[in-house]
Amino acid sequence: MVSETVNKIEDLISEVAALQKEYVARLCFKCGAPCCARVHYLFSEKDILFLRLSGGEQKWRREAMSKKGCWFLGSSGCTLDTKSRPFICHHYICPDLEEEIKRNDSKVMDVLKAKFREIGHLRSQLWAEYLDET
Ligand code: SF4
Ligand code: SF4
C-alpha cells in the first residue's frame, strides 16, 4: 500500500541521515570542494513521486539551472528538509566521507549500504503501487 511504503521510506531516510550525521558535521562543513556546489538539478521521477505522496516540500519546479551549484545550497548547507532531498543526496558518500565513517566505526558503511538497497527497493515498489492504485 502506498502510504505504508511512504512511511517505511521516510523512516529509513531518517535512519541513514542519523547514521551519517556526525561524520557529515565533522567533514563536510570544512570540505574544500563540496559536492553540493558541483551539481545542479538532482530530482528523479521517483524523488518527485515520493515528495508528492509524502507531502514533502515540492520545490523542484523552481528554476534549478541558473545558479552555480545546487539551487538548494544555502550558506549553512542544504535548505531542504531531510526527507525532501533527492535520494542521491543521502546515497552519495564521497571517498573521504566513507573513509571517515570506516575509521570511526567499520560496521556503519555496511549498515548504510543495506539501508540504501532497501530504500531503492521500496522506491521501485512505491512506483508500482502508485500505478496500481491510479
Ligand atoms: S560528501 Fe564529500 S565532497 Fe561532499 S561535502 Fe562531504 S566531504 Fe565534501
Ligand atoms: S538538495 Fe541539498 S543535499 Fe542535495 S545537492 Fe542540493 S544542497 Fe546538496
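No lab work stands behind these numbers, since they all come straight from the coordinates. Quick caveat, the model's predicted, so the values are computed rather than measured. Neighbour counts run over all protein chains shown; Cβ positions are idealised from the backbone, glycine included.
Computed from label points 7 Å out along Cα-Cβ, the spacing between D96 and T79 is 2.4 nm. Over all distinct Cα-Cα pairs of the range 2-133, the Kirkwood formula returns a hydrodynamic radius of 15.7 Å.
Segment K107..L53, full-extension length gain: 16.2 nm, with 0.36 nm per residue of separation and the alpha-carbon distance subtracted. In this simple spin-label approximation, T134 and L12 carry label points 7 Å from Cα along the Cα→Cβ vector, and these lie 2.1 nm apart.
Once the chain from A25 to A37 is taken as fully extended at 0.36 nm per residue, the excess over their C-alpha distance is 2.7 nm. Shown in residue order for the range 106-116 are the 3J(HN,Hα) couplings computed by the Karplus curve 6.51 cos²θ - 1.76 cosθ + 1.60 at θ = phi - 60°: 5, 8, 5, 4, 5, 5, 4, 4, 5, 5, 4 Hz (x for Gly and Pro).
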